[in-house]
Amino acid sequence: MKPIISIVTVNLNNADFLVQTIESVAAQDYPFKEYIVVDGLSTDGSMDIIRESSAINQFISEKDSGIYDAMNKGLKHCTADSDLVIFMNAGDRFTTDSILAEVAAHYRQDDQHLYGDIIKGQEYWPSPKKVNKMTLSSDMVCHQAIFFNTHLHRTVQYDTNYRLCSDYKAILSMLDQGQKFRRIPVTVANFDDSGLSSLHRRKLKEEKAHIRQSFPQVQWMHKIKKLLRKIR
């Protein structure tokens, strides 16, 4: 049985990049998909683009408290039948028109979360071979590379206290619950490298350090890795 895949796009006054993302989703040749756009009351013509697109199944346009609040809204609006959900925000694009079909071909009924690789700018960025507390003590997986199990993701919302890396906390929380991530040989997305997390590296680092404090095992692993790097 083919999975129903939900794509969620968050946007705020990013009309030019939004067009690229909508076109990328519309071009996917996989029939069992739904597309949800969450807009934060844009004033740049984004809503005209959203209303004119036949690829969008539903949209929300209302004020939010940031990108993660908007992503929570998108997750909430996924159909009850949704098996997988991926967040492709304004500016992100799938690498080919058959990505959803490729992911569906790898999907197994007992799967939880699936993830692949990304292209950042013009450069190929492989994801970690495994997603566990050890790898996440120093690395991260871009959410544009992850197809989350929709039902399981609803048990872990994004913490809106964090502006830049609440997805890091969410994945660690999923691992705490015993949720599993499986890597598949698919280069999922061209990742827009002009987002907030790319522009505010120092703040991103501070947020990740603060999040690790809530996960003692991850914090300990991070310190050990830092110590080993100094010794080498």
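The values are calculated or read from the model by the stated rules, or taken from the named source; none is laboratory data. What you see is a predicted model; the values in this text were computed from it and never measured. Here Cβ is always computed from backbone atoms with ideal geometry, including for glycine, and neighbour counts include all displayed protein chains.
Data table
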| read-out | value |
| --- | --- |
| Enumeration of residues in the stretch 81-131 that are loosely packed, with under 13 Cβ neighbours inside 10 Å and free of Cβ contacts under 8 Å to residues at least 12 places away in the same chain | A105, R108, D110, Q122, E123, P126 |
| Check on L199, surrounded by fewer than 13 Cβ atoms within 10 Å (Cβ to Cβ), within 26 Å of N13 (Cβ to Cβ) and at pLDDT below 95 | yes |
| Any hit, the stretch 83-99, residues being among the hydrophobic types (A, V, I, L, M, F, W, C), part of a helix (DSSP H, G or I) and either within 18 Å of I22 (Cβ to Cβ) or modelled with pLDDT under 95 (or both) | yes |
| Pick from the stretch 173-196, criterion in contact with a helix residue (DSSP H, G or I) (Cβ under 9 Å, 6 or more places away or on another chain) and over 26 Å from A104 (Cα atoms), ranking: surrounded by the most Cβ atoms within 10 Å (Cβ to Cβ) | G195 |
| Complete set of residues in the stretch 132-173 that are β-branched (V, I, T) and in contact (Cβ under 8 Å) with a residue 12 or more places away in the chain | V141, I146, T150, T155, V156, T160, I171 |
| Tabulated pairs, the stretch 174-187, first in contact (Cβ under 8 Å) with a residue 24 or more places away in the chain and farther than 21 Å from F215 by Cβ, second in a helix (DSSP H, G or I) and of a type in the set (A, V, I, L, M, F, W, C), C-beta under 8 angstrom, 6+ apart or interchain | I184/V103; V186/I99; V186/V103 |
| Of residues in the stretch 220-232 being more than 10 Å from M134 (Cα to Cα) and either surrounded by 14 or more Cβ atoms within 10 Å (Cβ to Cβ) or of a type outside the set (A, V, I, L, M, F, W, C) (or both), the one farthest from the chain's Cα centre (by Cα) | R232 |
| Members of the stretch 161-172 found to be touching a Ser or Thr at 6+ places or on another chain (Cβ under 9 Å) and either within 16 Å of D111 (Cβ to Cβ) or among the polar types (S, T, N, Q) (or both), listed by number | S166 |
